[in-house]
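Just below is one structure, and these are the notes that go with it.
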Amino acid sequence: MPSQWFSCLFHHPSRPSSLFPAIKTVDVECLDDPNSVIFFHLLPFLQRVTVSKRWNKTGWQKGNTEDSLELLMTTLACHAPRLRTLSFGALPFTDTMKLSISKMKNLSEILFFIKCPASPSDLAFLVSLPQLQVVELGGICFKREGDLPEAGTHLARKRNQPTAVVEKLILLGDGYTAFWAASLLSSPSLRHFDMTFSEDVNQDVLPESFLLVPLILHIMTQHSQNIEEFSVDYDRLGRGALFEVLDDDDPRKRIPSDFFDSLSSLQHLTVLSFENIPFICRDFAARLVQQLPNLPRLQKFCLIPRSLSTSLEHRQLILPKLFDLRTIAFGCHSLVSLGISVDFSTLTADTEVAGIPFSKSSVRTLYLLPNEPTSLDSDMPTIVKLATYLDHFFPHLEDLASDFPRTGMYTSKEYAAVRALWGKVECLVKSYQALKLRLSPGDAATVSEEIVPN
């Protein structure tokens, strides 16, 4: 509409005092006339504002991008009292903008992306928002390792630091992003922590920042003991030598001595997941599995670590063996979904079930990833051993292959072969289940004993 006609209609005596009072959500691309007039009339009613990625190209009257964004945030802080959700992408993020956002006291959800580089202070303003429940943050790359606390002090809080009320924290970036977000926003209110490592961030920072994952979980055991979901994954599936540079010479990145024992404080945890994440602590996976019975409400557990690209023996991860799944079967009574990398090198000994009581495990979904895709034969004796073992310890299994997780350890061909193997095992497990349904409990136990291969 030509600005002259808009001006005429806007000043017409019959115009309502408030324009579009029913509009609660707005996507803002620019504030040129007449857009600015309409936008300012919407402010008292707005509950959600999304700043378009095209702002860099439009700005405020084609002017300075930072100035226009500062004006927008100041305007929202002063004139949008009902604003609950604020979302903006990879746009300039100034101190003035942070100050303005910190004054939006009714804000309950913020989604934003900060361009690299950034510093931990860029997140401090979030703690001052008294009703902030959801934070979705992406793109930060902390380059200054001097910002990491000294070894053994990562749990300390600054004196008089406000306690955050964030319940859901979703992060995309690197380990420094997650570490500082956890340090600032972890509290008894936090229920959900989801971190995705992205290969799009600075590759000089990404590999080393993986070492911070155990420290982040350790922070949760101290400051967020009510947490229900903790998930970390890496979105790069391709093979490569990316992780050869991992080293734990820096004491600030080493796993705390009480890390595994401290996990028992997470009594409300229902989801614990690590997908495609490398661990430099050689026995991390095996020791973590031993702690699972101390998490009484755990319903989903996923442990699929990324192998380090190194020939050094002290860097080779020790994975749980099939035998170790007994710990889960007998100790994790709430578990219904399990995905885990397993060492099948002692398959024959590990699948011996004679004389061992039947488990009452509630696991319905089970995905077992061989440490090497060629370590399992697809012949019938192997399939029978696996099916008999799994039926003995996980009697309620429903799915072994349909949503088999992808991993950087396998090529596409290897992935298809492994998934096909577990599909055959699943078919045999379900035939055992069908047979047991036709028998009395005593007869079912006898049949299961008899079908164990010699």
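Every number in this text was worked out from the coordinates using simple rules, so none of it is lab data. This structure is a prediction, so every number in the text was calculated from the model and none was measured. For neighbour counting, all protein chains shown are included, and Cβ atoms are generated from backbone atoms with ideal geometry for every residue, glycine included.
Details
- Distances between placed amide hydrogens fall under 5 Å for LEU171 paired with LEU137, ASP194, MET195, THR196, all partners being 5 or more residues away or on another chain.
- Relative to the current alpha-carbon distance between HIS268 and THR65, full extension at 0.36 nm per residue lengthens the span by 68.6 nm.
- Averaged over residues, the count of other Cβ atoms within 10 Å places the peptides 299-307, 101-109 in the sequence 299-307, 101-109, highest first.
- Proximity of backbone amide H atoms, modeled 1.01 Å from N, is registered between TYR367 and LEU338, GLY339, ILE340 at under 5 Å, excluding neighbours fewer than 5 places apart on the same chain.
- Nearest-0.05 FRET efficiency for LEU99 and THR50, computed from C-beta distance (R0 30 Å): 0.90
- Evaluating 6.51 cos²θ - 1.76 cosθ + 1.60 at θ = phi - 60° for every residue in the stretch 36-52, the Karplus couplings come out as 5, 5, 4, 4, 5, 6, 7, 3, x, 9, 5, 10, 9, 10, 10, 8, 5 Hz, glycine and proline recorded as x.
- Note: relative contact order over the stretch 294-393, using C-alpha pairs below 8 Å and six or more positions apart, is 30 percent.
- The distance between label points at LYS360 and ALA417 comes to 4.2 nm (points 7 Å beyond Cα on the Cα→Cβ vector).
- FRET efficiency estimate (nearest 0.05) - Cβ-Cβ, THR327 to SER431, R0 30 angstrom: 0.65
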